[in-house]
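Below: one structure, written as structure tokens.
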Amino acid sequence: MQQRRELDQVYTNRKLLNGQLDTPKWWAPTVSILGVIVLLGLIVIAIMINKGLGVTGLSRPVYWGLFITTFVFWVGISHAGIMISAILRLTQAEWRRPVTRAAELLTVFSLLTALVFPLIHAGRPWRIAYWIMPYDVARGIYPNIRSPLIMDPVAISTYLIGSSLFLYIALLPDLGNLRDRTAGWKNAMYTVLALGWRGNPRQWKMQTVGGILLSALMLPIFVSVHSIVSWDFAIAAAVEGWHSTIFAPYFVIGAVHSGVSAVVTMMALMRWLWKWDDFIRPEHFDALARPLIVVATGWLGFTFLELTFALYGQDAPEIALREMQMFEWPWNLLFIIFFLTAYAIPVPMWLFKRVRTNIALMFWTSILVNIGMWLERFLIIVPGLARRTPFVYTWEAYRPSAVEWTIFIWSFAWVTFLMLLFSKFFPLVPLFEQKESQVFTDDVMIGRAKVPAIVREAD
Amino acid sequence: MSTQSILGLFQQPEPAADAMDGLKEAGFELGTFDVLTGTPYPEGAFGEYVPQHRLFRFPAFGAIIGFTLSVFLTAATQLAYPIVTGGKPILSIFAMLIIMYEMTMLAGVIATVVGIIFESRLPNMKPGIYDTRITEGWIGVVITFDDDSKVADAESVLNKAGALEIKHA
């Protein structure tokens with residue numbers, strides 16, 4: 001932690017609560033614009049539900065298109081929170097402190113957004129009630145728990161509830177802090193939400209032990225969620241390119257790649273928008289980019305395995321699918337963009353420390369990764385279906401309609417809108433973690449070199 | 001005679017730890033005085049009473065309940081509509097395991113959160129004497145007593161340790 005700065009607690013409060021105690025000038029116009037986009041998106045969703053799925057480009061044989069691609073994309077992004085928060089907490093990584101809250105928040109809001117897509121994709125969302133949790137005693141029809149389409153909502157709901165509770169528990173000390181700095185209705189709100197937090201040794205011990213315990217419990221859920229999402233495809237034996245035994249780890253590692261990259265994007269935005277240069281420093285981007293190189297390369301290995309298995313199997317339809325993905329227009333263009341943006345451009349750049357500590361470059365490369373990872377999901381889902389039962393009268397390939405693109409854009413505006421709304425009432429960087437870092441860190445002299453040392457408790 | 005409390009405020013951890021030591025030496029019982037901070041300090045930094053807890057029992061208890069419910073739910077669901085598909089058994093253990101796993105973990109997480117709140121002795125809407133400067137880095141030593149005669153002793157200990165301010169409630 002060579003870039004550590006000594007910051008007193010009054011300064012930390014003032015800087016990190018600047019979103020709650022004051023309103024930055026850009027906040028209201030940005031939220032208003034996003035609000036308009038969100039509203040437009042909701043209107044388009046309402047029109048689609050009213051008119052039916054005919055307004056989309058979905059047609060035989062491609063019934064899973066942009067909506068399901070975007071669903072998988074947002075579930076992938078949601079893996080940022082637990083990757084950052086739980087794994088780094090368990091491994092006591094000191095640099096986790098400024099990023100945990102925002103990463104957990106990204107998990108919650110991206111899961112909420114992901115859940116919208118299977119619902120609206122069904123055309124008549126209210127009928128989902130019969131699919132997931134009917135318990136329709138009158139008709140005696142119950143959900144088919146042997147279907148991954150039931151396992152999936154169960155896993156995502158578990159992850160969403162667990163992540164939200166994890167977020168709230170870690171928020172308690174900061175809610176106490178906000179209660180102490182506010183008056184009027186805000187004070188009343190924070191008083192209720194803080195549950196009477198005072199900061200005695202018992203409460204701090206529960207924060208520490210409880211945080212580790214919840215991290216350990218959330219990790220297996222984190223692995224299971226994207227594994228189960230991958231089984232939506234892998235268990236479907238009839239679609240070429242989907243029926244793969246490595247889909248579960250392939251999806252999980254891809255989710256970590258895209259999720260952690262999304263955290264990098266968000267960290268850069270937080271640093272620029274709230275001017276948190278003292279808290280989110282180049283060393284944090286460096287620390288995130290290093291594991292990202294490993295994760296991305298592992299993910300590339302799985303991509304390579306996918307292609308290798310297809311070629312070695314000598315299964316003609318499978319090989320035809322891969323040829324279509326890589327060599328036929330327009331899939332070949334998408335494949336090239338996918339490969340360049342998800343790996344070939346960002347990862348070699350991250351090998352250089354100058355890039356890893358350059359916040360603008362990290363911001364743009366992390367965005368490239370998520371363009372690539374969205375395309376990866378699109379290239380997995382759509383070509384496999386497009387080749388399925390190629391009827392002679394099916395002349396047109398799948399082409400997403402303006403309605404689908406609008407709802408796709410809506411999802412990004414919606415997540416950003418929710419994040420900004422949250423930032424108005426709750427701190428995006430955990431204050432108590434920052435202060436703890438100051439208490440537990442000191443400079444020590446080794447010879448003539450002054451180096452920062454971190455104190456850790458034995459248990 | 002009524003229960004009352006006083007709060008001594010310090011800016012540094014060392015005098016606060018001295019005050020805690022002084023209170024022990026003056027005969028104040030463990031549990032009648034506590035330290036309040038705006039950030040976690042290493043355990044025992046103030047020579048404070050280290051609370052015992054039973055948090056580890058909560059996730060285990062929750063997981064048992066979740067597992068039991070999930071067995072009932074998955075088995076009952078399939079037995080209630082016993083239709084054979086693909087020649088597979090009515091009770092498909094693999095599919096049941098996935099839902100049982102998720103429900104077990106979910107109940108474990110919920111129970112842990114309940115445990116954290118309970119073991120933190122929250123919610124407590126009448127938390128007692130407090131000072132908002134504690135979340136600005138000040139350290140509070142709070143003493144609660146039934147016996148008014150001990151107030152002077154406590155104040156003396158706090159003053160001797162270097163309390164910058166003493167509040168009464």
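The combined condition, being β-branched (Val, Ile, Thr), in a helix (DSSP H, G or I) and either within 30 Å of A:ASN200 (Cβ to Cβ) or within 7 Å of chain A (Cβ to nearest Cβ) (or both), is not fulfilled by B:THR39. All conditions but one from (1) at pLDDT 95 or above; (2) over 19 Å from the mean Cα position of the chain (by Cα); (3) of a type in the set (A, V, I, L, M) apply to B:ALA163; the one that does not is (1).
For the range A:259-282, a residue qualifies if it is part of a helix (DSSP H, G or I), more than 20 Å from the chain's Cα centre (by Cα) and surrounded by 15 or more Cβ atoms within 10 Å (Cβ to Cβ), and the qualifying residues are A:LEU273, A:TRP274, A:PRO282. Within the range A:61-71, can one find any residue that is touching a residue at least 60 places away in the same chain (Cβ under 8 Å) and more than 19 Å from A:LEU115 (Cα to Cα)? Yes, the range A:61-71 has at least one match. For the range B:23-36, a residue qualifies if it is closer than 25 Å to B:THR132 by Cβ and away from every other protein chain (no Cβ under 14 Å), and exactly one does: B:LEU23. Considering each residue of the range B:45-55 in turn, at least one proves to be loosely packed, with under 15 Cβ neighbours inside 10 Å and more than 10 Å from chain A (Cβ to nearest Cβ). Report yes if A:THR69 is at pLDDT below 90, in a helix (DSSP H, G or I), in contact with a Lys or Arg (Cβ under 9 Å, 6 or more places away or on another chain) and of a type in the set (S, T, N, Q), otherwise no. Considered against the rule, which asks whether it is at pLDDT below 90, in a helix (DSSP H, G or I), in contact with a Lys or Arg (Cβ under 9 Å, 6 or more places away or on another chain) and of a type in the set (S, T, N, Q), A:THR69 comes out as no. From the list A:LEU149, A:LEU217, A:LEU178, the one residue that fits, being surrounded by 19 or more Cβ atoms within 10 Å (Cβ to Cβ), of a type outside the set (Ser, Thr, Tyr) and within 25 Å of B:GLY108 (Cα to Cα), is A:LEU217. Flag not set for B:MET105, criterion: free of Cβ contacts under 8 Å to residues at least 24 places away in the same chain and within 10 Å of chain A (Cβ to nearest Cβ). Annotation note: of A:LEU361, A:LEU385, A:LEU333, A:LEU375, the sole residue that is in contact with a Pro (Cβ under 8 Å, 6 or more places away or on another chain) and assigned to a helix (DSSP H, G or I) is A:LEU385. Would a scan of the range B:135-144 turn up a residue that is part of a loop (DSSP other than H, G, I, E, B), facing chain A (nearest Cβ under 8 Å) and not hydroxyl-bearing (Ser, Thr, Tyr)? Yes, the conditions are met somewhere in the range B:135-144. Here is the figure for the range A:354-372: residues that are touching a residue at least 40 places away in the same chain (Cβ under 8 Å) and among the basic types (Lys, Arg) total 1. How many residues does the range B:108-134 contain that are more than 18 Å from B:ALA63 (Cβ to Cβ), at the interface with chain A (Cβ under 7 Å from one of its Cβ atoms), touching a residue at least 24 places away in the same chain (Cβ under 8 Å) and part of a helix (DSSP H, G or I)? Going through the range B:108-134 one residue at a time, the tally reaches 1. Mind listing whichever residues of the range A:294-325 are at pLDDT 90 or above and either in contact with a helix residue (DSSP H, G or I) (Cβ under 6 Å, 6 or more places away or on another chain) or among the hydroxyl-bearing types (Ser, Thr, Tyr) (or both)? Matches in the range A:294-325: A:VAL295, A:ALA296, A:THR297, A:GLY298, A:TRP299, A:LEU300, A:PHE302, A:THR303. Cβ-Cβ distances below 9 Å connect the following pairs, each with a first residue in the range A:38-53 that is under 20 Å from A:TRP64 (Cβ atoms), a second residue that is in a loop (DSSP other than H, G, I, E, B) and β-branched (Val, Ile, Thr), and a separation of six or more residues or different chains: A:MET48/A:THR56. Among the residues in the range A:45-58, are any crowded, with 18+ Cβ neighbours inside 10 Å, modelled with pLDDT of 95 or more and within 27 Å of A:PHE422 (Cβ to Cβ)? For the range A:45-58, residues crowded, with 18+ Cβ neighbours inside 10 Å, modelled with pLDDT of 95 or more and within 27 Å of A:PHE422 (Cβ to Cβ): present.
The values are calculated or read from the model by the stated rules, or taken from the named source; none is laboratory data. Because the structure is a prediction, the values reported are computed rather than measured. FYI the Cβ positions are ideal-geometry reconstructions off the backbone, even for glycines, and counts take in every protein chain you see.
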